[in-house]
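Participant: Before we start, here is the structure in question, set down as structure tokens.
The values are calculated or read from the model by the stated rules, or taken from the named source; none is laboratory data. Bear in mind that the values here come from a model prediction, so they are computed numbers and not experimental data. Because the Cβ atoms are built from the backbone with ideal geometry, glycine has one as well, and the counts that use them run over all protein chains shown. Ligands, DNA and RNA are excluded from the accessible area calculation, which covers all protein heavy atoms including side chains. Shrake-Rupley method; radii C 1.70, N 1.55, O 1.52, S 1.80 Å.
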Amino acid sequence: MDDRGHRPTLRVARAVTEVFAPALLAAVMPIVIGVASVSPVGNGLGWALVGALFCSVVPNTLIWWGVRRGRLTDHHIRVREQRRRPLAYGLLSVLVGLSLMIGLGAPRPVTAMVVVMFVLGVAVTAANLVWKLSIHAAVAAGSAAVLVITFGPALLVTAPVVALVGWSRVRLRDHTVAQVTAGTVVGLLVAIPTFLVLR
């Protein structure tokens, strides 16, 4: 069957998947929360960069290394069975960063954001032992929830972005609708109470 008519939507889906990848959101979210919630801004930004380092840079450097070595199919780790070790290493990285932040007295909002990432990581790691839950959807939904809590109802405009991320994962046939829906629900159920309690 000729798929040429569907190529534009495939390109959009790939772009959405990359722009809103968990790695990028895990790097950006601590920075947004740090700059918005901590005064002086420099202090918030400094701690936010520490959070971004351990939530995103370190784990994803390990993933890229795995791809280069041929141990992982790609940086999104489409094969569920390959996800266990990278997810475990990612959790360890976030835990190290979180320990440093708590031990050195990082601002509560930034620490809360990193805790959200850690608890979200635990949830998706557990789920992916038996089922290919959408990490894209979970991180997108969790990030949107934190933005609404921080900036108010105006940031409910991020909800369509979460839906767009879910669509992109289904359009690329990397996930089913059920896997995307479950990821979205997990993201919300983890992020909302965790951030509200700890911020």
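Participant: Would you check which residues across region 59-95 are surrounded by 15 or more Cβ atoms within 10 Å (Cβ to Cβ), not hydrophobic (A, V, I, L, M, F, W, C) and not in a helix (DSSP H, G or I) and list them?
Facilitator: Selection gives 75, 76, 78, 83.
Participant: For residue 136, are the conditions met, namely being in a loop (DSSP other than H, G, I, E, B), open to solvent by less than 40 Å² (accessible area, probe 1.4 Å) and out of contact with any strand residue (DSSP E or B) (no Cβ under 8 Å at 6 or more places or on another chain)?
Facilitator: Answer is no for this residue.
Participant: Let me ask another. Within the set of pairs 6+ apart or on separate chains, which have a first residue in region 62-85 that is over 15 Å from residue 179 (Cβ atoms) and of a type in the set (A, V, I, L, M), a second that is assigned to a helix (DSSP H, G or I) and open to solvent by 40 Å² or more (accessible area, probe 1.4 Å), and C-beta atoms under 7 Å apart?
Facilitator: Pairs that qualify, where the first residue is over 15 Å from residue 179 (Cβ atoms) and of a type in the set (A, V, I, L, M) and the partner is assigned to a helix (DSSP H, G or I) and open to solvent by 40 Å² or more (accessible area, probe 1.4 Å), are 62/89; 72/82.
Participant: Sticking with this structure for a sec: Specify the residue that is farthest from residue 33 (Cα to Cα); the eligible residues are those in region 165-184 that are among the hydrophobic types (A, V, I, L, M, F, W, C) and open to solvent by 70 Å² or more (accessible area, probe 1.4 Å).
Facilitator: Checked region 165-184; the qualifying residue farthest from residue 33 (Cα to Cα) is 177.
Participant: Another one. In contact with a His (Cβ under 8 Å, 6 or more places away or on another chain) and surrounded by 14 or more Cβ atoms within 10 Å (Cβ to Cβ): is that true of residue 43 in this structure? I'd like the intermediate steps shown before the answer.
Facilitator: Details: in contact with a His (Cβ under 8 Å, 6 or more places away or on another chain): no; surrounded by 14 or more Cβ atoms within 10 Å (Cβ to Cβ): yes.
It is false that residue 43 is in contact with a His (Cβ under 8 Å, 6 or more places away or on another chain) and surrounded by 14 or more Cβ atoms within 10 Å (Cβ to Cβ).
Participant: Condition test on residue 67, is it touching an Asp or Glu at 6+ places or on another chain (Cβ under 9 Å), of a type outside the set (S, T, N, Q) and within 23 Å of residue 130 (Cα to Cα)?
Facilitator: When the stated conditions are applied, residue 67 passes them.
Participant: Taking residue 55 as meeting all but one of (1) closer than 17 Å to residue 28 by Cβ; (2) open to solvent by 20 Å² or more (accessible area, probe 1.4 Å), write down the number of the exception.
Facilitator: Exception for residue 55: condition (2).
Participant: Are there any pairs, at least 6 apart or on different chains, whose C-beta atoms fall under 7 Å, with the first in region 28-47 and among the hydroxyl-bearing types (Ser, Thr, Tyr) and the second at pLDDT 90 or above and not in a loop (DSSP other than H, G, I, E, B), and if so, which?
Facilitator: The qualifying pairs are 37/109; 37/150.
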